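I have placed the structure first, in the form of structure tokens, so that the comments after it can refer back to it.
The values are calculated or read from the model by the stated rules, or taken from the named source; none is laboratory data. Values in this document were obtained by computation on a predicted structure and should not be read as measured data. Every residue, glycine among them, receives a Cβ derived from its backbone with ideal geometry; neighbour counts consider all protein chains shown. SASA here: full protein model, heavy atoms, side chains in, ligands and nucleic acids out. Shrake-Rupley method; radii C 1.70, N 1.55, O 1.52, S 1.80 Å.
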Amino acid sequence: MLARALVAAGLILGWAKAETLDRIAVSVGQDVITESQVLLDLRVAAFLEHKPVDLSGAAKRQSAQRLVDQLLILREAVDSHVTLPATEAAAGLVAPYAAETGYKTDLVRYGISVQDLAAHLLAGLRTLTFTDLRFRPDVQVSPADVRNYYDGLARQPGSAAAPLPSFEESREQIEKLLLEQRVLEALDKWLATVRNAARIRYRDKAFE
Amino acid sequence: MTIMITTVRALSLGNVRLRMLVALFAGLSPAFGQDTPTARWEGRPISRIEFDPPQQPLTLEELNRLLPFKEGSSLTMAEVRQAIQKLYSTGRYSDVSIDASQIDTGQDGTSVALRISTQLNYFISGVNVAGENEPPNRNQLITASKLELGALFVESDLDQAVANMQEKLRANGLYNATIQNRVDRRPETEEANVYFELDPKTRAHFDGAELAGDINRPKESVLRATGWHRGLGPIWLPGWWEVTENRVQTGLERLRKDFQKGDRLEAKVTLDKLDYHSPSNTVTPYLTIDSGPIVEVRTTGTKLSASRLRELVPIYQERSVDRSLLVEGQRNLVEYLRSQGYFDAQVDFTWNDPEPSRSLIEYDIMRGDRHKLKRIEITGNRYFDAATLRERMYLQPASLLRRRYGRYSERLLQQDEQNIADLYRANGFSDVMVTHKVEDDYGGERGSLVVEIQVNEGPQWLVNQLVIEGIPMEEAEYLRSTLRSTEGQPYSAANIAADRDTVLGYYYNNGYPDAQFESSQDPAPVQNRVNLRYVVALGVRQYVRGTLVRGLETTNPPLVASRISLAPGDPISQSRIAQSQQRLYDLGIFSKVQTALQNPEGKEERKYVLFHLDEARKYSFNFGVGAEIARIGGGTTSLDYPAGTTGFSPRLSVGVSRINFMGLGHTVSLQTVASTLRRRALFNYVAPQFKGHESLALTFSALFDDSRDVRTFSARRWEGSVQLAQKVSRANTLQYRYTFRRVTLDPNSLKITPQLIPLLSQPVRVGLIGGSFIQDRRDDPVNSHRGMLNTVDLAYAWKGFASETDFTRLLLRNATYHPLGREIVIARSLQVGYIQRWGGLPDIPLSERFFSGGASTHRAFPDNQAGPRDLITGFPIGGKALLFHSTELRFPLIGDNIGGVLFHDMGNVYSDVTSISFRFHQRNLQDFDYMVHGIGFGIRVRTPVGPIRGDFSFSPNAPRFFGFNGTRDDLLKVPPTQPLCSLQTPSPMCSNQRISWFQFHFSLGQTF
């Protein structure tokens, strides 16, 4: 009896010191993003930007939202048989960082592995590839759009002080910029629709 | 998202500026990353894994299979994440977290104990509504709740469900209705049973209507048209009706129709809103009315009746005018004219608005010469014979009865070509070419059309080899026997599609809901041969965790369980679920049987199958009023009209039945009929699917019948019987029964020779053991075109069965149906009956004899007028044998719904089996053992309940007989010694009578 009581007490004390290894942060239908994935994302992002890791609730939520979007994009890519960059592409993404001094020390300092970094960069590349393949073909920028944009810039206060390059000189750049903007707008619009249909549920406890 | 994209974009392009920034801040950034769970716990051995709560919806075996780690293995954070994902993916949990605690293991150091904390999900296992005041009814409210059986239950969905139901209630005038809800949860099966308790409060009334728009008439007239004000026809009664969704819609529709009168086809009535006034609990509908223009439709070139125009131009049905509808009208007109033989007909139309409020549509018709499709010739066909191809064609040559000009149009011709080509392609002739040649004025006959369909079959492509991959060998072998595209068989896309359905259907019904099928083909080395390859990806197999039956109130659960053919551990099979659902419906005690998989989206191997049953109303009542007009007339005591005269008998029927008696699925019913000819009460106790055997049905019956459907006597019958019916196969049924009855004849009603009255008026007690065999191989029991029906009915009455008299009765029937072409049927029926007395009473009692003749046996006779007759009174006295044979030629007459019949009936009821004769002539007025013939013509009008039948019959040798000139009292006063109605000595008291040569029968259903 005493032995049992001691074991029980030990267990209680043991569990009192227990630490949560991981928990669900967001569920997206039948898929989950765990708290550890959110924290890892924050650490890798901080590593890339050479900033302190921001573990505030707001930062966690922003990271979770980003991961949700990546998940939705990946799902859509699989469903629509879009070919995304293979895992091997990650090596090329990591290479520029690996060449930097203090790279390995920084990895340790931020508590991430090379694989974590590679996966993070690959996810970004895949998102970008999907966006390009899915939305760019439908986006068009007319000469009038380019002209309007240029005229808008010209009308902005302060443009007289620093004269703009000529329209012909700026046209290609503006066209690229508008194209990027519209692709991103299309992506955001699509994501908003998909998010509504995806049964996304955030667990507040993971964002405390 | 934008930030992420920009960052990655920058990186992927090797953005130098960003890399400089990264480098710049590298030295400044403090390290926050080292103190992570990964650093603390990764690599430590797992000494214990436990769940919180310990009782989990998944078995330990399933949990162990799901978890990527086990006791003794080293902890990795990736596996922890994986474990959470896998557990969550099962759909069984709403939340999962994993805690770790350190355990000191002595000399070896420390290990880690994992606690997996879970929160359960719940799934809807039933939505129940109580307290409703129809409308809306319970099912409408459940549908409005949008809570789906088996789906994940989310608290927030409950609020939405209540809101949806409130909206439905408001649409039905229940503005103050309140809804309470509660959820019964069963953690052991993760069920959430949702209950809604309604307090509907008082239904709101209309209080008028606010009108806007182009009305052009008094408001009162508009309100009257809606029907929202109480009234009796044109009389306006005080008060307004209650608001219901149906009444609002009906009112709007009536108003729309009212405004659309006078060719204002486009009149629109729009309900803008229903304005509710809480203090008075009334509703004011706000309507906007647009009368629209007057639409006039005319034809030029050819006259068409207004009703035909309305039928063909869809603007009248659609109540709207647009170009597409007018084009459809144009097409319909062309088709109509071509169906009338104007195969060159052309129709054009114009549409303009001569005045602002008037539209004029003019169809210009050039119908051309009338043609007749004389013949269709098919040439070049070798693989299929012409008859097979003709079956698939819409074109029809002219025939005398149905289509005087045949059926022909360019469109139909093209469709026929397409159908023929499709048939060939489906059989491997991928290069088939079907063309046509139309010859007009054929053989010099003006307007005669001959269509030649030319088929160029081309080579037939066959399957050289079929390889099936992705499934076990033995299953592949089995499936191969069910596939169309096997070696040597025709190769076609249609066959591959059919194979795909076969394969996927097989796996869907064997627990593989995610099975996928792909096919590919390569040319084989042999000419016109193809090598086929089927690849099947099975996915994860799913099994039945258990069946959950909900919604039962009074039904015995074992009764339901015995109808469900799914057991735990069985592969999930949609066909078996549907089969179980059908068997539950077959019990006839459930108004709704819903089935679903619990947690349909969850990735788990074992799932519960849900059955939610709504018990039907226990009692049902029926009431009927009818009348019979036939040769049933004549007094009950007078001896006039032994062959009957036209009479009228009103009829009233009342019935009540109680289903699911004592929750056993049995039915108790009482059906009563009262008419001037009959009083009848039948009590039945039916146990369908007796003792769980679907093929057995046990019936107990009690009958009281007081009738004079045989004109000779009135009989009162008390009868009890028990019958076990056994469905041996789809076509064959056996019935075993014991019947006991007591029949008393009213001596005062007997219209027979007085000397026989004491003998035949005795009450008779009969106990019979009997059985029937029914073999029904007809294609359609209501209106058969092919097949046969055989019945054998054998009964044995014996004193051992409490019978006063011993006899055997045998009745055989054989009917066959033979199609002649597509629409003509030859049907024939033979009935043979025989009664053999063995002992007991000196003769077969009147009530046990064969009385026959009439609409369903021999149409040369009025009902029950065939066979032997009393030699003095001429009334039928029944026989001990019968033989009837009928032949019918059934053919289409007018259109698709009216058919004709030419028939010949022959036969009679005979005094004894030895007296059966095929003799045509009646020897004398006391000879009834000869064969009576009847020929005639009938009309059949097809209706949803079967054909309505009218038969007119002529009999060249209808029976003649003696009738007694006087009353029954006169007959009784005749001394027994005085000879009456003798062939030798004519008596003034007797007259020669006969059954009319002409008979008319009107009834429902085919004769046989």
- Message: Go through segment A:25-37 and report how many residues are more than 7 Å from chain B (Cβ to nearest Cβ), surrounded by 24 or more Cβ atoms within 10 Å (Cβ to Cβ) and in contact with a Phe, Trp or Tyr (Cβ under 9 Å, 6 or more places away or on another chain).
- Response: 2
- Evaluate segment B:91-102: report whether one residue or more is within 14 Å of another protein chain (Cβ to nearest Cβ), within 23 Å of A:E35 (Cβ to Cβ), part of a loop (DSSP other than H, G, I, E, B) and at pLDDT 90 or above. yes
- Message: Condition first: small (G, A, S), modelled with pLDDT under 95 and either open to solvent by less than 60 Å² (accessible area, probe 1.4 Å) or over 21 Å from B:A802 (Cβ atoms) (or both). Can you find one or more residues in segment B:685-692 that meet it?
- Response: yes
- Pick from segment B:785-807, criterion within 21 Å of B:G879 (Cβ to Cβ) and charged (D, E, K, R), ranking: modelled with the lowest pLDDT: B:E804
- Lone qualifier among B:R583, B:R606 - being in contact (Cβ under 8 Å) with a residue 24 or more places away in the chain, surrounded by 15 or more Cβ atoms within 10 Å (Cβ to Cβ), among the basic types (K, R) and in contact with a helix residue (DSSP H, G or I) (Cβ under 8 Å, 6 or more places away or on another chain): B:R606
- Note on the structure: Considering segment B:152-170, residues that are modelled with pLDDT of 95 or more and of a type in the set (G, A, S), and then whichever is most open to solvent (accessible area, probe 1.4 Å), we arrive at B:A163
- Item | Residue check, B:M931 assigned by TED's automatic domain parsing to the domain that holds B:T816 and under 54 Å from the mean Cα position of the chain (by Cα) | yes
- Going by the conditions given, is B:R81 closer than 30 Å to A:E35 by Cβ, open to solvent by 50 Å² or more (accessible area, probe 1.4 Å), within 14 Å of chain A (Cβ to nearest Cβ) and part of a helix (DSSP H, G or I)? yes
- Message: On the basis of being buried (at least 19 other Cβ atoms within 10 Å of the Cβ), over 20 Å from B:H885 (Cβ atoms), in contact (Cβ under 8 Å) with a residue 24 or more places away in the chain and not polar (S, T, N, Q), does B:Y817 make the cut?
- Response: no
- Query: For segment A:103-122, what are the residues that are facing another protein chain (nearest Cβ under 9 Å), hydrophobic (A, V, I, L, M, F, W, C) and over 14 Å from A:L42 (Cα atoms)?
  - Reply: A:V108
- May I ask you to say which residue of B:V540, B:V544, B:V536 is loosely packed, with under 14 Cβ neighbours inside 10 Å, hydrophobic (A, V, I, L, M, F, W, C) and either assigned by TED's automatic domain parsing to the domain that holds B:Y195 or not in a helix (DSSP H, G or I) (or both)? B:V540
- Would you be able to say whether some residue in segment B:622-636 is open to solvent by 70 Å² or more (accessible area, probe 1.4 Å) and in contact with a Lys or Arg (Cβ under 8 Å, 6 or more places away or on another chain)? yes
- Restricting segment B:335-384 to residues that are loosely packed, with under 15 Cβ neighbours inside 10 Å and of a type in the set (S, T, Y), the one farthest from B:S399 (Cα to Cα) turns out to be B:S357
- Of these, B:T59, B:T76, which one is of a type in the set (S, T, Y) and surrounded by 13 or more Cβ atoms within 10 Å (Cβ to Cβ)? B:T76
- Item | Candidate set from segment B:165-206 (those that are of a type in the set (V, I, T) and assigned to a loop (DSSP other than H, G, I, E, B)); member that is farthest from B:N133 (Cα to Cα) | B:T189
- Run down A:L93, A:L133 and say which single residue is facing chain B (nearest Cβ under 9 Å) and surrounded by 13 or more Cβ atoms within 10 Å (Cβ to Cβ). A:L93
- Item | Qualifying residues in segment A:38-61 (those that are touching a strand residue (DSSP E or B) at 6+ places or on another chain (Cβ under 8 Å) and crowded, with 19+ Cβ neighbours inside 10 Å) - the one nearest to the other protein chains (Cβ to nearest Cβ) | A:V38
- Message: Take A:L153 and tell me if it is at pLDDT below 90, part of a helix (DSSP H, G or I) and touching a Leu at 6+ places or on another chain (Cβ under 7 Å).
- Response: yes
- Task: Assess whether A:A186 counts as being assigned to a helix (DSSP H, G or I), open to solvent by less than 50 Å² (accessible area, probe 1.4 Å) and under 23 Å from A:K60 (Cα atoms).
- Result: no
- Query: What number of residues in segment B:451-502 are in contact with a Pro (Cβ under 9 Å, 6 or more places away or on another chain) and over 17 Å from B:Q521 (Cβ atoms)?
  - Reply: 1
- Task: Name the one entry in B:T943, B:T985 that is more than 44 Å from the chain's Cα centre (by Cα) and in the same structural domain as B:P892 (by TED's automatic domain parsing).
- Result: B:T985
- Name, by its number, the condition in (1) facing chain A (nearest Cβ under 10 Å); (2) touching a helix residue (DSSP H, G or I) at 6+ places or on another chain (Cβ under 9 Å) that does not hold for B:A144. (1)
- Query: Can you spot a residue in segment A:62-84 that is more than 8 Å from every other protein chain (Cβ to nearest Cβ), closer than 27 Å to A:E208 by Cβ, open to solvent by less than 10 Å² (accessible area, probe 1.4 Å) and free of Cβ contacts under 8 Å to residues at least 60 places away in the same chain?
  - Reply: yes
- Please indicate, with yes or no, whether at least one residue in segment A:163-178 is touching a helix residue (DSSP H, G or I) at 6+ places or on another chain (Cβ under 6 Å), under 22 Å from A:K60 (Cβ atoms) and away from chain B (no Cβ under 13 Å). no
- Query: Does A:D116 satisfy the condition of being of a type outside the set (S, T, N, Q), open to solvent by 30 Å² or more (accessible area, probe 1.4 Å) and touching a residue at least 40 places away in the same chain (Cβ under 8 Å)?
  - Reply: yes
- Of (1) without any contact (Cβ under 8 Å) to a residue 40 or more places away in the chain; (2) more than 14 Å from chain B (Cβ to nearest Cβ); (3) open to solvent by 30 Å² or more (accessible area, probe 1.4 Å), A:D138 fails just (1)
- Residue check for B:R994: among the charged types (D, E, K, R), assigned by TED's automatic domain parsing to the domain that holds B:T646, more than 21 Å from B:D870 (Cα to Cα) and open to solvent by 50 Å² or more (accessible area, probe 1.4 Å): no
